[in-house]
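Structure, as structure tokens:
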Amino acid sequence: MPRGAKNNLTGLRFGRLLVVGDVGKRQRGNILWECRCDCGNSFYAKAGHLRDGTTVSCGCFRSENWIANIMPKMVAKVSANRMERTRITGLICDCSSSRERNRQICQFHRAVWFKYKLTPTALDEMHSSQQGLCKFCGAPYVLNRGRGKLKDLDSMVIDHCHTTNAVRGLVHHRCNLLIGYAENVPMTVDDIAINLRKYLAA
């Protein structure tokens, strides 16, 4: 047997690849072999990758496997998650936006349900029990059902604990900001009040 014949891969088949011959190029000391795939494409591969099964095609097998096996599973998973997020059973609101769009529940009450698990009825009862007054400062709030970035400081927002997600009540947007800052500032509420009085009196 001629020297080097055992390393000659010409004519051998690896998966979908038929080795045509040595292309005379080296990649980090490894011989590159020209292969012809069953799909008709030419492809350069290393001998080690051909022998250990790492390379079995020009890439068409991976694409076909992705389309046939992996992508359907990913699509099914995304679809299931999307359906779980959008499926609301037995929740109906009487907002003008829901009537105009012929929907059972408007976008505002849908968002409230997914974030706080508050039904439209529960939210209305909370609003009635507080008589339209901010639970923090006791002043009337504006019932604005727009998006958060469009709310002014007098608009109603839902105050909740960021640790337990428990709803504490309906408050002004400005009061909610104050509560959030107070929770994150490394001082007691009394210290904040004292410093605030000193600052405003200066």
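A short reminder: the numbers here are calculations on the coordinates, not readings from a lab. None of these values were measured; they are calculated from a predicted model. Here the Cβ positions follow ideal geometry from the backbone for every residue, glycine too, while neighbour counts run over all protein chains shown.
Here are a few things to note about the model shown:
- With the charge dipole of the range 96-201 set up from +1 on Lys and Arg Cβ and -1 on Asp and Glu Cβ about the Cα centre, the Cα lying farthest toward the positive end among the listed residues Cys137, His160, Pro186 is that of His160.
- Inter-label distance for Met71 and Met126, nm, one decimal - labels placed 7 Å from Cα along Cα-to-Cβ: 4.4 nm
- Dipole magnitude for the range 96-201: about 460 debye, using +1 per Lys or Arg Cβ and -1 per Asp or Glu Cβ, origin at the Cα centre.
- Of Trp33, Trp113, Trp66, the sequence from fewest to most neighbouring Cβ atoms within 10 angstrom is Trp66, Trp113, Trp33.
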